[in-house]
1. Out of all the residues in the range 21-56, which are within 30 Å of Pro138 (Cα to Cα), part of a loop (DSSP other than H, G, I, E, B) and out of contact with any helix residue (DSSP H, G or I) (no Cβ under 6 Å at 6 or more places or on another chain)?
2. Filtering the range 108-131 down to residues that are of a type in the set (Val, Ile, Thr) and surrounded by 15 or more Cβ atoms within 10 Å (Cβ to Cβ), which residue is farthest from Lys148 (Cα to Cα)?
3. Condition test on Ala135, is it surrounded by 14 or more Cβ atoms within 10 Å (Cβ to Cβ) and either at pLDDT below 95 or under 16 Å from Arg77 (Cα atoms) (or both)?
4. Looking only at the range 45-56, how many residues end up being in contact with a Pro (Cβ under 9 Å, 6 or more places away or on another chain) and either farther than 17 Å from Val82 by Cα or buried (at least 18 other Cβ atoms within 10 Å of the Cβ) (or both)?
5. Is at least one residue of the range 65-88 of a type in the set (D, E, K, R), within 22 Å of Met162 (Cα to Cα) and in contact (Cβ under 8 Å) with a residue 40 or more places away in the chain?
6. Looking at Val142, Val161, which is the one that is touching a helix residue (DSSP H, G or I) at 6+ places or on another chain (Cβ under 8 Å) and either polar (S, T, N, Q) or surrounded by 14 or more Cβ atoms within 10 Å (Cβ to Cβ) (or both)?
7. Are there any pairs, at least 6 apart or on different chains, whose C-beta atoms fall under 7 Å, with the first in the range 92-110 and touching a residue at least 40 places away in the same chain (Cβ under 8 Å) and the second of a type outside the set (D, E, K, R) and outside any strand (DSSP E or B), and if so, which?
8. Name the single residue that is farthest from Leu141 (Cα to Cα) among those in the range 96-121 being under 14 Å from the mean Cα position of the chain (by Cα) and among the hydrophobic types (A, V, I, L, M, F, W, C).
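The values are calculated or read from the model by the stated rules, or taken from the named source; none is laboratory data. What you see is a predicted model, and the numbers here were worked out from it, not measured in a lab. Note: ideal-geometry Cβ built from the backbone for every residue, glycine included; neighbour counts use all protein chains shown.
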Amino acid sequence: MASALRNLVRERDCIANLLIVAVQASREIVIDAPPEVILEALADVGSVPSWSSVHKRAEVIDSYPDGRPHHVKVTVRIVGIVDTEVLEYHWGPDWLVWDADKTLQQHAQHVEYTLQRETEDTTRVRFEITLEPSAPIPEFLVNRARKKVLYAATEGLRQRVMAAIGSDRSIPQ
């Protein structure tokens, strides 16, 4: 009887460590660039795989009249899970939002970048993601994925922006 009870407790603990609910994560950083430069970097979808370790491919399907991406197809790989997503982008003067169509790996995904100018050449960037997986995922994988996504979305973006600013400054005027 005691052995059966211990097995029930172990099973309950294993089930408790699988997450089937929406996963949310956010991070704020300050980038030494104006919001326009950061939005330009986010609009350069083709370069995303060069600064985001989770993106393997990214291509613009169609664009808004101003040239900014509207629908984007990306292939991501994170903690061994590969998924191809179609994202619908929406742009504001100081924000970017995208939502993903349902895929095999997720029911839904919502991402927001919110930019707040702090000084003439400094911007606070807030990245938020909500993802609803299509199947239970072990908690330790969720935590690993969360760290990787947050790093790529913020520090990767910072490196991309700073590289763009550096190359602009090296061009003779």
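1. Those that are within 30 Å of Pro138 (Cα to Cα), part of a loop (DSSP other than H, G, I, E, B) and out of contact with any helix residue (DSSP H, G or I) (no Cβ under 6 Å at 6 or more places or on another chain): Val21, Ala22.
2. For the range 108-131, the residue satisfying everything is Thr123.
3. It is false that Ala135 is surrounded by 14 or more Cβ atoms within 10 Å (Cβ to Cβ) and either at pLDDT below 95 or under 16 Å from Arg77 (Cα atoms) (or both).
4. 2
5. There is no residue in the range 65-88 that is of a type in the set (D, E, K, R), within 22 Å of Met162 (Cα to Cα) and in contact (Cβ under 8 Å) with a residue 40 or more places away in the chain.
6. Val161
7. Asp94/Pro35; Leu96/Leu39; Leu96/Leu42
8. Here the answer is Leu96.
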